[in-house]
Amino acid sequence: LSLNLQAKLLRVLQYGDLQRLGDDQHRVVDVRVIAATNKRLAQAVQDQTFRADLYHRLSVYPIEVPPLRDRQSDIVLLAGYFLELSRCRLGLSVLRLAPSCLPLLEQYSWPGNIRELEHQLRRAALIARSEQGVDYVTIQPEYFNFTQQPSVTEKTRQTPNRGGKVTIMGSLRENTDQFQRQLIEQQLTELQGNWAKTAQALQLDRANLHRLAKRLGLK
């Protein structure tokens with residue numbers, strides 16, 4: 001965002017009005033702005049590439065989202081979501097991951113964050129459909145093209161196999177639900193049924209955890 005555009009955005013935030021292109025009148029707007037960035041804006045302010053006044057105007061209630069490599073429990077959930085999108089785009093009846101793919105995804109560091117996860121799964125889905133040529137497609141580990149070699153992190157080594165070995169059968173949604181159910185049950189057992197601590201351990205909002213547990217038949 002150029003410094004010129006930053007000044008215009010700051011005016012909208014400060015005074016609540018704007019002037020449309022080609023218009024000679026200011027229009028009052030009543031909006032709530034939610035801004036997101038993958039840049040370190042505090043550093044950009046020091047480098048004088050981002051206006052300090054705009055930065056403070058936008059940083060009323062900042063929420064910092066950790067990188068994907070620090071949210072291992074989210075990887076399977078996001079993978080299920082992106083695979084379902086790919087399944088619909090490709091017109092497949094079933095699109096699922098081979099069991100050996102899950103530890104591979106969890107051990108990778110994901111330098112490109114969620115966008116890289118989405119790209120890898122879309123690419124793998126295309127290769128799987130091309131090679132298997134059927135309506136029921138299974139993504140294999142060799143279909144991924146990681147920029148770095150996946151390695152077992154300390155967090156992965158210390159994470160127990162909750163619920164024992166999971167047999168991958170049926171649709172991706174069914175397997176994802178099974179994994180989520182086992183994970184929540186295990187955390188509840190370890191934390192003596194404390195839902196607040198379970199939500200914190202799983203890095204989930206408490207309300208979202210209750211909704212998920214209700215959908216999975218745990219409540």
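So which residues in region 85-121 are over 15 Å from the mean Cα position of the chain (by Cα) and either on the phi > 0 side of the Ramachandran plot or assigned to a helix (DSSP H, G or I) (or both)? Spell out the reasoning first.
Let us first name the residues in region 85-121 that are over 15 Å from the mean Cα position of the chain (by Cα), namely 86-104, 107.
Hits for region 85-121 are 86, 87, 88, 89, 90, 91, 101, 102, 103, 104, 107.
Taking the listed residues 40, 129, 87, the one that is more than 27 Å from residue 199 (Cα to Cα) and not assigned by TED's automatic domain parsing to the domain that holds residue 144 is 40, with no other qualifying. Within the set 32, 11, 20, the sole residue that is over 30 Å from residue 130 (Cα atoms), assigned to a loop (DSSP other than H, G, I, E, B), touching a strand residue (DSSP E or B) at 6+ places or on another chain (Cβ under 9 Å) and not assigned by TED's automatic domain parsing to the domain that holds residue 199 turns out to be 20. Checking each residue of region 59-72 against the condition of being of a type in the set (A, V, I, L, M, F, W, C) and over 30 Å from residue 125 (Cα atoms) gives at least one match. Any chance region 54-74 includes a residue that's exposed (fewer than 10 other Cβ atoms within 10 Å of the Cβ) and either in contact with a helix residue (DSSP H, G or I) (Cβ under 6 Å, 6 or more places away or on another chain) or aliphatic (A, V, I, L, M) (or both)? Scanning region 54-74 turns up at least one residue that is exposed (fewer than 10 other Cβ atoms within 10 Å of the Cβ) and either in contact with a helix residue (DSSP H, G or I) (Cβ under 6 Å, 6 or more places away or on another chain) or aliphatic (A, V, I, L, M) (or both).
In region 136-217, counting only helices (runs of 4 or more DSSP H) that sit wholly within it, the ones holding 2 or more residues that are modelled with pLDDT of 85 or more and either loosely packed, with under 12 Cβ neighbours inside 10 Å or more than 18 Å from the chain's Cα centre (by Cα) (or both) span 172-190, 195-201, 206-215. Considering the conditions (1) surrounded by fewer than 14 Cβ atoms within 10 Å (Cβ to Cβ); (2) of a type outside the set (Lys, Arg); (3) in contact with a Lys or Arg (Cβ under 6 Å, 6 or more places away or on another chain), residue 88 is excluded by exactly one of them, (3).
Every condition in (1) more than 21 Å from the chain's Cα centre (by Cα); (2) under 30 Å from residue 175 (Cα atoms) holds for residue 7 except the one numbered (2). I'd like the residue in region 107-135 that is modelled with pLDDT under 90 and in contact with a Ser or Thr (Cβ under 6 Å, 6 or more places away or on another chain) and, out of all such residues, is surrounded by the most Cβ atoms within 10 Å (Cβ to Cβ). Going through the qualifying residues, I end up with 107.
The values are calculated or read from the model by the stated rules, or taken from the named source; none is laboratory data. Predicted model only: the values in this text are computed from it and were never measured. All Cβ positions, even for glycine, are placed from backbone atoms using ideal geometry, and neighbour counts span all protein chains on display.
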